[in-house]
Amino acid sequence: MKLIIHGGFFSESSTSAETKLAKQDALRHIAAKAYDYLKTHSALETVVYAVELLEDDALFNAGIGSQIQSDGVIRMSASIMDGRTLKFSGVINIENVKNPVRVAERLLAVDDRVLGGEGATRFARQQGFAEFSTEIPQRRREYEAKLAATGTGTVGCVALDAQGHIAAATSTGGKGFEIPGRISDSATTAGNYANAHCGVSCTGVGEDIVSAAVATKIVTRVTDGQPIAEAFRRSFDELKPFDGFAGAIAIDKHGNVYHQDSHPSMVFASFDGVAFEVFN
Ligand code: ASP
């Protein structure tokens, strides 16, 4: 069993030493909790659980604490990929729900598995997800000071369970200050992808992640036999021509846990039941 989570990149507005430590602590705590959960649950159930914990922590830009878009509204995106069934589900630009990843989870069971905008929000209400504002005062201050455009801090989790199944989940409040209608990578296969060989969750500038199809390419390369480190190296090299800004976490079917970022510093934590690795 293996598990890795990420808390996105540090935003300019939150790079104080104190915030950095608080994020590292939170990641360590959530990785341990999620690993414990993995002992009795599948990879799929665990990635949803871990991302829900991250969404609930206002330190991260997903769920509570999400960035505000240019029109003053928060729209969030989240997705799940089950490496066992190869089903991908997601919500794009959903509003006023506490845990977008839980709505994405609900969509795994229906035919139309990716919903956007009002349709996603309406589906959530029909499914009993209560109206919930994920805005926190700090984001409103950043929005008002027009600082939010510099912030990234999506969350994600990849897990390999005791049965050898892999799953990935990613959730985001977006880049901040987007044009309403902009689509993040987080609920696309460029930002979140898994199969029987590998699972990947990304953070960074969505447009760059989509341009380089980061998660899809890493998983495909590993599937075709490349070692995970090589698959990362090649995929991150392909961000270089346009100075793409991305970070990714991954686990392959052999239990190799990997991460890389194109620019410092993605925050992440991995846990295998014995040792933590926490970096920023
Ligand atoms: N990838 C997200 C987006 O572009 C932002 C992030 O990772 O923080 O919406």
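Across every pair of different alpha-carbon atoms, what Kirkwood hydrodynamic radius in Å does the chain reach?
For the chain, the Kirkwood estimate is 17.8 Å.
To the nearest 20 debye, what is the magnitude of the charge dipole of segment 33-91 about its Cα centre, counting +1 on the Cβ of each Lys and Arg and -1 on the Cβ of each Asp and Glu?
220 debye
Looking at segment 93-149, which GluC sites (Glu not before Pro) are in a loop (DSSP not H, G, I, E or B) and have at most 15 other Cβ atoms within 10 Å?
Sites meeting the loop and neighbour criteria: GLU131.
For GLY8, enumerate residues with amide H under 5 Å from its amide H, sequence gap 5+ or separate chain, H modeled in the peptide plane.
Residues meeting the criterion, in which the H sits 1.01 Å from N, are GLY156, VAL267.
Quick check: from the Cα gyration tensor, does segment 26-137 come out rounded (a/c under 1.5), prolate or oblate?
In terms of gyration-tensor shape, oblate.
With springs only between Cα atoms under 10 Å apart, run a GNM on the chain and tell me which of ALA229, ALA31, ALA194 wobbles the most.
In the Gaussian network model the winner is ALA229.
When a/c reaches 1.5 or more, the comparison of a/b and b/c decides; with that in mind, is segment 94-224 rounded, prolate or oblate per its Cα gyration tensor?
Oblate.
Could you list VAL257, VAL47, VAL101 so that the one with the fewest beta carbons within 10 Å of its beta carbon is first and the one with the most is last?
So the ranking, lowest neighbour count to highest, is VAL257, VAL101, VAL47.
Among LYS217/LYS253; LYS39/LYS253; LYS23/LYS98; LYS23/LYS175, which pairs are too far apart, with a Cα-Cα distance over 22 Å?
With Cα atoms farther than 22 Å apart: none of LYS217/LYS253; LYS39/LYS253; LYS23/LYS98; LYS23/LYS175.
If you rank THR220, THR46 by fewest surrounding Cβ atoms within 10 Å, what's the result?
Lowest count first: THR220, THR46.
Coordinate-derived values only; no laboratory data. Since this is a predicted model, take the numbers as computed values, not measurements. Cβ coordinates were reconstructed from backbone atoms using ideal geometry, including for glycine residues, and neighbour counts include every protein chain displayed.
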